[in-house]
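Read through the structure below, which is laid out as structure tokens, and then see the notes.
The values are calculated or read from the model by the stated rules, or taken from the named source; none is laboratory data. Since we're looking at a predicted model, the values are computed, not measured. With ideal geometry, Cβ positions are generated from the backbone for all residues, glycine too; neighbour counts draw on all protein chains shown.
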Amino acid sequence: MQTVQALIRAQMPHPVASRSGLAYSGRMSVNLPSPAEPLKIGTRGSPLALAQAYETRDRLARAFDLPDEAFEIVVIKTTGDDRAMIEADRPLKEIGGKGLFTREIEETMLQGGIDIAVHSMKDMPVRQPEGLVLDCYLPREDVRDAFVSQQGVAGIAALQPGQVVGTSSLRRRAQLLFRRPDLSVVDFRGNVQTRLRKLSQGVADCTFLAMAGLNRLGMAEVATTAIAPETMLPAVAQGAIGIERRAEDQRARALLEVIHDLPTGQQLAAERAYLTALDGSCETPIAGLALLQGGEVWLRGEILRPDGSECLAAEGRAPIADAAALGEEIARQLLARAPQGFFDWRTG
């Protein structure tokens, strides 16, 4: 798990583009990508994943005054993109967890097929494969969940008993059932466009999406309403884009330092330390959100039983430099309060 100290490296002198094709980071000169030798950016092929890859390209191009042709977007199909599994609406915990969306991309990077990889951080496992690091984050988008209804329902409170809600997220399922045990929940997988299609086909009466994804796709109007974190605490790292690289690739490190967003890194230092301490995966209904206030980080966390029958919450504040330690402490508090059998579903 990264420490805040590692994330603060972005405060080092930024690389400066030059007409010579070199960037300078401290005493180290770095060859800039060019149309002849482009930087290869790996990504999944969904519209949202591509939007995030293009955002990364655009930020790098602006930072170093480079043409778009100095970058190559490399689309990699992952196991999680398998059409049959998406249509079957099987929960992620049954088909491999978060690694379904990253394994093939990371293997390609380790083999040298791409230079960097762009990920939705909420989909990232808490540990990276040996030889890879995550130390660059783009500015975080809206962290809230979106309630989406095509039937004019205003929000969760307006749903009638027995109405069907579609979601493949164990967190959203558990949070919804904790507040509204009278509702029915069905699995609902796929990218934004697939889930909207299923909604129009009547598979469910409503669903949830991330506001961040809708905003990045220019589809904010799809949301019936954005759900306040006080009502539905978001997933850890929701709204954040992370850029992964090979650990020994100092060229990629120097290029990414200039676009790294320090506040997002500080938030995620707390959130991912918290998730790691809880041994979080797609099998665990966990929510968490860190906010920066002055010189402090404020972290809220929730753990739930999958059926929504119980929810435990904790929060705390600490100096930003202690963000990771705060995450670990909030996780310890929740684990200490969890009654016997709370996590039986992990091994059942």
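Tabulated data for the structure shown
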item: Residues located in the range 301-312, provided they are of a type in the set (Lys, Arg) and either touching a Gly at 6+ places or on another chain (Cβ under 7 Å) or without any contact (Cβ under 8 Å) to a residue 40 or more places away in the chain (or both); result: none
item: Pair list, Cβ < 8 Å and 6+ apart or interchain, from the range 192-219 residues that are in contact (Cβ under 8 Å) with a residue 24 or more places away in the chain and closer than 22 Å to ARG140 by Cα to residues that are of a type in the set (Asp, Glu) and in a helix (DSSP H, G or I); result: ARG216/GLU55
item: Qualifying residues in the range 267-300 (those that are in a strand (DSSP E or B) and touching a residue at least 40 places away in the same chain (Cβ under 8 Å)) - the one farthest from LYS122 (Cα to Cα); result: ARG300
item: Criterion (modelled with pLDDT of 95 or more and crowded, with 21+ Cβ neighbours inside 10 Å) met by exactly one of ARG173, ARG179; result: ARG173
item: Condition check for GLN238: polar (S, T, N, Q), more than 23 Å from THR102 (Cα to Cα) and crowded, with 17+ Cβ neighbours inside 10 Å; result: no
item: Among (1) closer than 22 Å to GLY131 by Cβ; (2) at pLDDT below 55 - the single one LYS93 does not satisfy; result: (1)
item: Residue that is over 28 Å from ALA270 (Cβ atoms) and either surrounded by fewer than 22 Cβ atoms within 10 Å (Cβ to Cβ) or not basic (Lys, Arg) (or both), where the choices are MET219, MET232; result: MET219
item: GLN150, sole failed condition from (1) in the same structural domain as ASP249 (by TED's automatic domain parsing); (2) at pLDDT below 95; result: (1)
